[in-house]
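The values are calculated or read from the model by the stated rules, or taken from the named source; none is laboratory data. Fair warning: this is a prediction, and the values are worked out from it, not measured in the lab. Neighbour counts are summed over all protein chains in view; Cβ atoms, including those assigned to glycine, are modelled from backbone coordinates with ideal geometry. When the accessible area is computed, the model is the full protein with side chains, heavy atoms only, and any ligands, DNA or RNA have been set aside. Shrake-Rupley method; radii C 1.70, N 1.55, O 1.52, S 1.80 Å.
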Amino acid sequence: MKNNDWKQQLSIVYSTNPDFGKEDTEEEQETALPPSEQRLKILLDKKNRKGKEATIITGFIGSDNDLKELARKLKTKCGTGGSARGGEILIQGDMRQKVKEILEAEGYNARII
């Protein structure tokens, strides 16, 4: 996959290198482990949330797109909002038991901490 980011090319005014911009850089993507090999931890967090509860899922190994896809499934099945960033999935409210059931149905090894 070629690096054709036009924003980076705007910062270059002129190059005397005849091979400039023709290099193939392959970015290493984290390959997601199969769900049966994933060890996910589910915990409840109340800190810095003005008393509101949030269910946090940690331990996911894979790409950001896979993380966001899993978060989308969890948010849809729980019927709540949330987010996925930094290798963690945040689901609004105390949904620990429901999230555990959903993850186990998907084939993940999940435990409540």
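Results, tabulated for the structure shown:
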| item | result |
| --- | --- |
| Subset of segment 56-71 that is crowded, with 16+ Cβ neighbours inside 10 Å and not in a loop (DSSP other than H, G, I, E, B) - its residue that is farthest from the chain's Cα centre (by Cα) | Ile56 |
| Residues located in segment 77-97, provided they are under 15 Å from Lys52 (Cβ atoms) and either part of a strand (DSSP E or B) or polar (S, T, N, Q) (or both) | Thr80, Gly82, Ser83, Leu90, Ile91, Gln92, Gly93 |
| Some residue of segment 19-29 being under 18 Å from the mean Cα position of the chain (by Cα), among the acidic types (Asp, Glu), open to solvent by 100 Å² or more (accessible area, probe 1.4 Å) and at pLDDT below 90 | yes |
| Boolean, Ala110 is open to solvent by less than 30 Å² (accessible area, probe 1.4 Å) and part of a helix (DSSP H, G or I) | no |
| Condition check for Leu74: assigned to a helix (DSSP H, G or I), among the hydrophobic types (A, V, I, L, M, F, W, C) and at pLDDT below 95 | no |
| Some residue of segment 66-85 being under 17 Å from Leu33 (Cα atoms) and among the hydroxyl-bearing types (Ser, Thr, Tyr) | no |
| Pairs, first free of Cβ contacts under 8 Å to residues at least 24 places away in the same chain and closer than 17 Å to Glu104 by Cα in segment 74-93, second part of a strand (DSSP E or B) and not aliphatic (A, V, I, L, M), C-beta under 7 Å, six or more apart | Lys75/Gly82 |
